[in-house]
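The values are calculated or read from the model by the stated rules, or taken from the named source; none is laboratory data. Keep in mind the model is a prediction, meaning the values are calculated, not measured. So basically every Cβ, Gly included, is an ideal-geometry build from the backbone, and we count neighbours across all protein chains shown. These accessible areas exclude ligands, DNA and RNA; they are computed on the full protein's heavy atoms, side chains included. Shrake-Rupley method; radii C 1.70, N 1.55, O 1.52, S 1.80 Å.
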Amino acid sequence: LEAGELMGQGNEDLSNGRYTDAVEAFQRIKDRFPYSKHAVNAELKMADALYLQEEYELAYAAYDEFEKLHPKHKDLAYVIYQKGMSNFSQIKSRDREQVHTLKAKEEFQRLITRFPKDEYANKARKNLRECLIYLAEYELYVANFYYKQGKYRAALGRYTYIINNYQDMGQYQDAMEGITRCKEKLAKETAQENGWRSYWPFSTWK
């Protein structure tokens, strides 16, 4: 098959949800017809097929390669958005490390900064807020975990970080209450260490 025929076949497979076949068709264009007029489009379509196949790591790598090879392409805003989405689609629950959340946040922020008026920047803004909420919830989860473990100084640091970095994400009140609890616990610890226990009402000691 020639490049044009492979392109048509790949697009048809993509439209009908045959993503593995689509990836194969686009890959053949890349390999056999690297200088054809369809080659660049095939690179992007292949990344899309991988994304739709939920092969998010491979999709990210394909979009990343596309951006490096074609830094001035007309669809660059879309490519950066999809790099963000490839990570956004892998976000774990709030009690897990938020590696993909951070990566998605970086791509969305980069898109908004570089193409502020693009339609994909508008989509990125919504997803960016979701990323920030996830990150704030994760920080709150870790802070509460440290508090329960009796690591009040570490917990205080996490609660304070939430106040300084995620004020409007819905965790502000919980963080403020956490800071108050930590300071109370630390004050008691300091009093104990300095032999000032007698200064505290006996009923407050557990």
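When the Cα centres of segment 28-97 and segment 172-193 are compared, how far apart do they sit, in Å?
47 Å
Name the most mobile residue of A187, A25, A59, meaning the one with the largest mean-square fluctuation, in a Gaussian network model of the chain with Cα contacts below 10 Å.
Its mean-square fluctuation being the largest, the pick is A187.
Between 0 and 90 degrees, rounded to the nearest ten: what's the tilt of helix 56-69 against the longest Cα principal axis of the chain?
It works out to around 60 degrees.
Over the chain, what is the relative contact order in percent, taking alpha-carbon pairs closer than 8 angstrom and at least six residues apart? Before the final figure, lay out each step's value.
Working: 241 pairs, mean separation 21.7, N = 206.
Rounded, it is 11 percent for the chain.
Name the residue from L52, V23, L76 whose Cα lies farthest towards the positive end of the charge dipole of segment 1-111, charges +1 on Cβ of Lys and Arg and -1 on Cβ of Asp and Glu.
Selected residue: L76.
If you count only protein heavy atoms with a 1.4 Å probe, what accessible area per residue comes out for segment 144-198, rounded to a whole Å²?
Numbers: 3670 Å² over 55 residues.
In whole numbers, segment 144-198 has 67 Å² accessible per residue.
Have a look at F115, F26, F66 and tell me which one the Gaussian network model of the chain (Cα, springs below 10 Å) gives the largest fluctuation.
Highest fluctuation of the listed residues: F115.
Working from Cα positions, state the angle (0 to 90°, nearest 10) between the long axis of helix 19-32 and the longest principal axis of the chain.
60 degrees
Find the accessible area per residue for segment 36-85; the probe is 1.4 Å, ligands and nucleic acids are left out, and the unit is Å². All intermediate terms of the calculation are to be shown ahead of the outcome.
Working: 2420 Å² over 50 residues.
On a per-residue basis, segment 36-85 sits at 48 Å².
Using R₀ = 30 Å, calculate the FRET efficiency as 1/(1 + (r/R₀)^6) where r is the Cβ-Cβ separation of N16 and E65; round to 0.05.
Working: r = 26 Å, r/R0 = 0.86.
E between N16 and E65, to the nearest 0.05, is 0.70.
Compute the convex hull volume of the Cα atoms of the chain, divide it by the residue count, and report the result per residue in Å³ as a whole number. Numbers along the way, then the final one.
On the way: hull volume 30.1 nm³, N = 206.
Per residue, the Cα convex hull of the chain comes to 146 Å³.
Can you tell me, using C-alpha contacts under 8 Å and at least 6 residues apart, the relative contact order of segment 118-199 as a whole percent?
Details: 63 pairs, mean separation 21.1, N = 82.
Reported relative contact order: 26 percent.
Given the options Y147, Y120, Y35, state which has the largest fluctuation in a GNM of the chain using a 10 Å cut-off (strictly under) for Cα springs.
Y35
Give the carbon-plus-sulfur fraction of the accessible surface of the chain in %, rounded to a whole number; probe 1.4 Å, heavy atoms of protein chains only.
Using a 1.4 Å probe with all protein chains present, the chain comes out at 49 percent carbon and sulfur.
Could you order the peptides 67-74, 96-103, 42-49 from most to least packed, using the average number of other C-beta atoms within 10 Å per residue? Write out the running numbers ahead of the final one.
Details: 67-74: 10.6, 96-103: 16.5, 42-49: 23.2.
Highest mean packing first, the order is 42-49, 96-103, 67-74.
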